[in-house]
Amino acid sequence: MNRIQLRDNKGNLTGWIETVHGGRKQIRDSRGTLLGWYDAASDKTTCARTGRWIGMGEQLTSLL
């Protein structure tokens, strides 16, 4: 797994994006809660809370 940490302007961890199986990317908040995922095969970003896709392309940071 490849993990990219996301930090605010004070250096506090706000979340991270990790690449999992099949090139799928997931975003989690600082507590580790899954917020959503991006599937490169379908080019869609999906919200984990509602299960609905929020848009085309990678829009993971909009879920923070």
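We did not get these values from a lab; they are worked out from the coordinates using the rules stated. Every value quoted in this text rests on a predicted model; they were computed, and no experiment measured them.
Things worth noting here:
- Rg/Rh for the chain (Cα atoms only, Rh after Kirkwood) is 0.97.
- Normalised contact order of the chain, rounded percent, pairs of Cα under 8 Å and 6 or more residues apart: 21 percent
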